[in-house]
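Asks: So that we are looking at the same thing, I have put the structure below in structure tokens.
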Amino acid sequence: MHLTLRQLKVFKTVAHCLSFTRAARELHLTQPAVSMQIKQLENSAGLPLFEQLGKKIYLTTAGTELFHYVRNIFQQLDEMEQVLEQLRGVQSGRLDISVATTANYFATRLLAKFNSCHSNITIKLDVTNRRTLLQQLEQNEKDLVIMGRPPEQMDLVAEPFMDNPLVIIATPDHPLSDLKNIPLQQLQNETFVVREQASGTRSAMERFFSARDITLNTGMEMTSNEAIKQAVEAGLGLGIVSIHTVERELEAKHLITLSIEEFPILRHWYVVHRQGKRLSPAAQTFREFILQQANISPGNSTDTQETSFPIGHE
Ligand code: PGA
């Protein structure tokens, strides 16, 4: 049986309109051209597809059967087109993401890996602190954001994908360095070099200590994790940072983490977007990539220590 898509399209339109004249108008063809396509299809099928009773045309039994299959064929073609469009989008798309200052320590590695499989996606990366990330989400400026625990009052979709333990860092010769399980109260005798107010690390640290009625002496305030590490190395005090930021210093033994009761503060990293946002194919692919790389699966968060704190409001 020899069929062409063109014949099937003409048949579908005539079967839908039940009129050669209207089908011809819809298809921008002449009526004889429509009749000829239907004649050829009937010849191939070996059966009449329409019958005329008075002025009206009707589908025959064979026509009704064919109409059922033809509708499915065109639905499948539509679906195929959509999938191909998506793939075209993915291959040449743009990805506009923003990550927390602290997340940048691993985000660039993730992006490098993503880029090796999706080199045609152009990536724009913005690195900023939590407050700015929240403003960007509010204004729907970014495809995706990687941040610490998002506030519950915003309409966000937030999926946890990696642990983010906060540790206390000191120089190896610090008087507390050899002690084990140091009580939290003892920290009140120390000075801390801290991140700026708008930082997620800072607010997590404040929630943790205020929930335990402990007031820390905060010395210098700094807007970058690098500055905090250098200040701690220079002996300006202890620091509280994400473990992701000190991997190299710990390995080189320039810094150590202190053994403190209830530490580390267990946090997680989330991939976040506004609820109802239509993610572009590139953004959707990146989101899936991140969740696949995850060391904790979505919905499997063990956010035990943070859940006992007031919900993020910073
Ligand atoms: P930040 O990290 O301290 O660099 O803002 C974000 C967060 O932990 O939420």
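Asks: Once the convex hull of the alpha carbons of the stretch 129-201 is built, what does its volume come to per residue, in cubic angstrom?
Replies: 150 Å³
Asks: Moving on to the next point. Given a Förster distance of 35 angstrom, what is the FRET efficiency for Lys39 paired with Arg94, based on the Cβ-Cβ distance and rounded to 0.05?
Replies: So the FRET efficiency works out to roughly 0.10.
Asks: Another question about this same structure. How many percent of the accessible area of the chain is carbon or sulfur, using a 1.4 Å probe?
Replies: Roughly 50 percent, rounded to a whole number.
Asks: Once all Cα-Cα distances of the stretch 172-287 are split into 5 Å bins that start at 0, what whole-number percent is in each one?
Replies: 2, 10, 18, 21, 18, 10, 6, 5, 5, 3, 1
Asks: Further question: ³J(HN,Hα) across the stretch 195-201 via Karplus (A = 6.51, B = -1.76, C = 1.60, θ = phi - 60°), whole Hz, x for Gly/Pro?
Replies: So the Karplus estimates, Gly and Pro as x, are 6, 5, 4, 6, 7, x, 4 Hz.
Asks: Follow-up question, since we're still on this one. Could you give me the ³J(HN,Hα) list for the stretch 112-119, computed from phi with Karplus coefficients 6.51, -1.76, 1.60 and θ = phi - 60°, whole Hz, x at Gly and Pro?
Replies: Working through the residues one at a time gives 4, 5, 4, 4, 5, 9, 10, 5 Hz.
Asks: Between the stretch 99-123 and the stretch 13-73, how far is it from one alpha carbon centroid to the other, in angstrom?
Replies: 54 Å
Asks: Going by average Cβ neighbours within 10 Å, how do the peptides 238-250, 220-232 rank, with the highest at the top?
Replies: Peptide ranking by packing, descending: 238-250, 220-232.
Asks: Considering lysine pairs in the chain that are 8 or more places apart or on different chains, how many have Cα atoms under 14 Å apart?
Replies: Lysine pair count for the chain: 5.
Asks: Which value in nm describes the separation of the simple spin-label points at Met154 and Glu247, placed 7 Å from the Cα toward the beta carbon?
Replies: Calculated label separation equals 2.6 nm.
Asks: So what is the relative contact order for the stretch 33-171, in percent, with contacts set as C-alpha pairs under 8 Å and at least six apart?
Replies: Contact order relative to length: 19 percent.
Asks: For the chain, set up a Gaussian network in which alpha carbons nearer than 10 Å are linked by springs, and say which option among Lys56, Lys180, Lys277 fluctuates the most.
Replies: Lys56
Asks: Also: Running a GNM on the chain with Cα contacts under 10 Å, which residue among Ser35, Ser199, Ser280 ends up with the highest mean-square fluctuation?
Replies: Residue with maximal mean-square fluctuation among Ser35, Ser199, Ser280: Ser35.
Asks: Another question, then. Set the Förster distance to 41 Å, then compute FRET efficiency between Glu262 and Leu5 from the Cβ-Cβ distance, nearest 0.05.
Replies: Efficiency for this residue pair is about 0.05.
Asks: Right, next: Is it possible to state the helix-based mean residue ellipticity at 222 nm for the chain, with each DSSP H run of 4+ residues giving -39500 (n - 2.57), the sum divided by total residues, to the nearest 500 deg cm²/dmol? What is it?
Replies: Calculated from helices alone, the mean residue ellipticity at 222 nm is -13000 deg cm²/dmol.
Asks: Amide H to amide H under 5 Å from Ile168: which residues, 5+ apart in sequence or cross-chain, H placed 1.01 Å off N in plane?
Replies: Leu258
Asks: If you don't mind, another one. Using only the Cα atoms of the chain, what do you get for the radius of gyration and for Dmax, in Å?
Replies: Gyration radius and largest Cα-Cα distance of the chain: 31.5, 104 Å.
Asks: For the chain, modelled as a Gaussian network with Cα springs under 10 Å, which listed residue fluctuates most, Glu233, Glu262, Glu251?
Replies: Of Glu233, Glu262, Glu251, the most mobile in the Gaussian network model is Glu251.
Asks: Rule-of-thumb check for the stretch 5-75: C-alpha Rg over 2.2 N^0.38 Å?
Replies: The value comes to 0.99.
Asks: State in Å² the accessible area per residue of the chain; use a 1.4 Å probe, count heavy atoms of protein chains only, and round to the nearest integer.
Replies: 53 Å²
Asks: Go through the stretch 95-110 residue by residue and turn each phi into a ³J(HN,Hα) via Karplus (6.51, -1.76, 1.60, θ = phi - 60°); whole Hz please, and just put x for glycine and proline.
Replies: Each residue's phi maps through the Karplus curve to give 10, 10, 10, 10, 10, 5, 3, 5, 5, 4, 5, 10, 4, 5, 5, 4 Hz.
Asks: Could you tell me the largest-minus-smallest coordinate of the C-alpha atoms of the stretch 5-135 on each of the three principal axes, in descending order and whole angstroms?
Replies: Rounded to whole Å, the extents work out to 78, 29, 25 Å.
The values are calculated or read from the model by the stated rules, or taken from the named source; none is laboratory data. Only a predicted model underlies this, so the values are computations on that prediction, with no experimental measurement involved. Neighbour counts are summed over all protein chains in view; Cβ atoms, including those assigned to glycine, are modelled from backbone coordinates with ideal geometry. Only protein heavy atoms, including side chains, enter the accessible area calculation; ligands, DNA and RNA are left aside. Shrake-Rupley method; radii C 1.70, N 1.55, O 1.52, S 1.80 Å.
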